[in-house]
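Engineer: Attaching a single structure in structure tokens format; questions to follow.
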Amino acid sequence: MKAAIIDDSRAMRMIIGRTLKELGFEVIEAANGREGLDCLKNDPEADLVLVDWNMPEMNGLEFVLALRGSQHLCHLPIVVVTSETEASQAERALEAGANEYVTKPFSKEDLVDRLRRLGFPQ
Ligand SMILES: [Mg+2]
């Protein structure tokens, strides 16, 4: 299993990455949506994407729309990570094609719960 963590915060990538690795994921990281798309295009083995909402260059919403519009990557499950003040955005993320969302600050159990709903770990 391989997961892409796309977040402009290095600390947040580390926090999410730690939990994913415990669950047995190999992790790839990107600092914004544009970089994330490039990573995934070069790494067709990814099984899951976790994407931050607020990022420079290409934000979470733009990323979700781009991924869902991509012929080769549109099937990938997406978990959007929003902050509390962006909670209303979660609805938009789901409408755009995200599968699940988790709101910061979240516990390890919150994250594991979202992944379970998507059938991970496989
Ligand atoms: Mg951010």
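Read the figures in this text as sums done on the coordinates, not as results from a lab. Computed from a predicted structure; not experimentally measured. In this analysis, Cβ positions are derived from the backbone assuming ideal geometry, glycine residues included, and neighbour counts consider all displayed protein chains.
Engineer: Please list 3J(HN,Hα) in residue order for segment 2-8, calculated via the Karplus relation 6.51 cos²θ - 1.76 cosθ + 1.60 where θ = phi - 60°; whole Hz, with x for glycine and proline.
Structural biologist: Per residue, the Karplus-derived 3J(HN,Hα) values read 9, 10, 9, 10, 10, 7, 7 Hz.
Engineer: Next question, about the same structure. Report relative contact order for the chain in percent, whole number only (criteria: Cα-Cα under 8 Å, sequence separation at least 6).
Structural biologist: In percent, rounded to a whole number, it is 22.
Engineer: Please compute the modelled spin-label separation between His75 and Asn54, points set 7 Å along Cα→Cβ, answer in nm with one decimal.
Structural biologist: According to this spin-label approximation, the distance is 3.6 nm.
Engineer: Could you identify which residue out of Pro105, Pro56, Pro77 has the top mean-square fluctuation in a GNM of the chain using Cα springs shorter than 10 Å?
Structural biologist: Evaluated over the chain, the most mobile residue of the options is Pro105.
Engineer: I would also like to ask the following. Taking the dipole about the Cα centre of the chain, with the C-beta of Lys and Arg at +1 and of Asp and Glu at -1, give me whichever of Thr19, Val79, Gly60 is farthest to the positive side.
Structural biologist: Farthest towards the positive pole: Thr19.
Engineer: Output the relative contact order of segment 62-122, whole-number percent, from Cα pairs under 8 angstrom with separation of 6+ residues.
Structural biologist: Result for segment 62-122 is 31 percent.
Engineer: Points 7 angstrom from Cα along the Cβ direction at Glu45 and Ser107: gap in nanometres?
Structural biologist: 3.4 nm
Engineer: Turning to a different aspect of this structure: Excluding residues on the same chain fewer than 8 positions from Lys41, give the lysines whose Cα lies under 24 Å from its Cα.
Structural biologist: By straight Cα distance, Lys41 reaches Lys2, Lys21.
Engineer: Using Cα pairs under 8 angstrom and six or more residues apart, how large is the relative contact order of segment 28-73, in percent?
Structural biologist: So the answer I get is 41 percent.
Engineer: Another question, then. Determine the sum of side-chain charges near Lys2: Lys and Arg each +1, Asp and Glu each -1, restricted to other residues whose C-beta is under 12 angstrom from that of Lys2.
Structural biologist: Net charge around Lys2: -4.
Engineer: Hey, what number do you get for the chain at 222 nm if only DSSP H runs of n ≥ 4 count, each worth -39500 (n - 2.57), divided across all residues, to the nearest 500?
Structural biologist: -12000 deg cm²/dmol
Engineer: Place +1 on the Cβ of every Lys and Arg and -1 on the Cβ of every Asp and Glu in the chain, take the dipole about the Cα centre, and give the residue among Phe106, Leu118, Asn32 whose Cα lies farthest towards its positive end.
Structural biologist: Value computed over the given set: Leu118.
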